[in-house]
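Single-structure report; data block below.
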Amino acid sequence: MVAKILFSFLLVLHGVIHFAGFFKAFEIGEFKELTGEMTRTAGLIWLSLGILFLVTTLLYLLQYPFWASVGLFSVVFSQILIFSAWSDAKFGTIANLILLVPILIAFMGQLPGSYENRFRAEVEKGLNQNAASELLTNEDIAHLPQPVQKYIRYTGAIGKEKLQNVRVIFRGDFKLKSDADFVDFRSVQYNFMHPPKRLFLIESALYGLPLTGLHSYVGATAAMQIRFAGLFQVVDAKGPEMNRSETVTLFNDLCYLAPAALIDKNIEWETIDSTTVNATFTNQGNTISATLYFNEKGELVNFSSEDRAESMDGESYTNYRWTTPLSDYRDYNGRKRASYGEAIWHKPEGDYVYAKIHLEQITYNADELSLFE
């Protein structure tokens, strides 16, 4: 919020300073600091650019997506004007350079290949495939192990629509590596059931600059891409190992976020005891296994798999046991979900908690695209 206020203030201040060229050209007041000649045409141009900076500020505060395009135009032509009146206006270059960084980052996010626009496009495809949902009945879950049946009933899925998709908002903290500090993040996620598709858009910041990521699992292909400052791609993970690992993530999401979808025919179950089951999940030729742990109330309290691999660079992968303990179940629009969870790698040198998540919102059978609203 502080950064937003400072950025807005600088936009307004820089815009107002442009008015000095107009005032000098039309001899409104005295501007002894401006020693060069100024035609009325030039004065009107300075006025127009000043107004454009104010318009940019308004668009930015109102969160119109094209504010960065207007801002970039303003900065570029402001600098051209500064070059034309260098002796009087050269210090305006400093302001333009400061403004250019966040504006350029935001502008890159508007391009068709940006993570956000790719996310939007894939979500729209999934929403267009939505079908009418039947109600989930006790007969639908009769073939499942008793602990899974109990979990589905506990979450309130019986008698409600079968799930075609879920939209989820998380906030939390994560680490890029074990010896790093936690950084805040927020994410928006869509999971589609038929066919399975997972889209996860994450926003964070590192050294004061944005860090954005897109996890996608579409068809048979999974990918994890992370970009720093909107310009530099620092992770681009894809390939067979990634496909297998994200199949674990996809199944984990089903268990946590969409228990009503655990009737899927691509899941095979084995009961271990009254609170533990093994599951084998197959999607697009990738088969993974996991163990689900429940408590006596019927809550899913942990998920464990040996089939997920860690990668720091998107090129080398190492398999470790991966768990996601869940707790603090709450009601979200008539269905219970764990409001808090962690993601943990169990390495030989010790357990590594790399993510702590808080469930903010969940929408069942979403029918429209929405990001962080």
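The values are calculated or read from the model by the stated rules, or taken from the named source; none is laboratory data. Here the structure is a predicted model, which is why all the values come from computation and not from measurement. Glycine gets a Cβ as well: all are built from the backbone with ideal geometry, and neighbour counts include every protein chain shown.
A few points about this structure:
- Condition check for Ser178: in contact with a helix residue (DSSP H, G or I) (Cβ under 9 Å, 6 or more places away or on another chain) and more than 29 Å from Glu268 (Cα to Cα): no
- Ile226 on the phi < 0 side of the Ramachandran plot, assigned to a strand (DSSP E or B), among the β-branched types (Val, Ile, Thr) and modelled with pLDDT of 90 or more: no
- In the stretch 50-94, residue nearest to Gly109 (Cα to Cα) [restricted to those that are out of contact with any helix residue (DSSP H, G or I) (no Cβ under 8 Å at 6 or more places or on another chain) and in contact (Cβ under 8 Å) with a residue 24 or more places away in the chain]: Pro65
- Condition broken by Gly156, with the remaining ones in (1) within 31 Å of the chain's Cα centre (by Cα); (2) under 19 Å from Ala290 (Cβ atoms); (3) of a type outside the set (Phe, Trp, Tyr); (4) in a loop (DSSP other than H, G, I, E, B) satisfied: (2)
- Matching residues, the stretch 181-212, being touching a helix residue (DSSP H, G or I) at 6+ places or on another chain (Cβ under 7 Å) and either among the basic types (Lys, Arg) or within 24 Å of Val248 (Cα to Cα) (or both): Tyr190, Asn191, Phe192, Met193, Pro196, Lys197, Arg198, Leu199, Leu201, Thr212
- Residue in the stretch 283-305 that is at positive phi, assigned to a strand (DSSP E or B) and either free of Cβ contacts under 8 Å to residues at least 60 places away in the same chain or not charged (D, E, K, R) (or both) present: no
- Of all residues in the stretch 327-366, those satisfying the criterion of being surrounded by fewer than 16 Cβ atoms within 10 Å (Cβ to Cβ) and closer than 21 Å to Met193 by Cα are Asn333, Gly334, Gln361.
- Residue that is surrounded by the fewest Cβ atoms within 10 Å (Cβ to Cβ) [pool: residues in the stretch 160-200 that are charged (D, E, K, R) and part of a strand (DSSP E or B)]: Asp184
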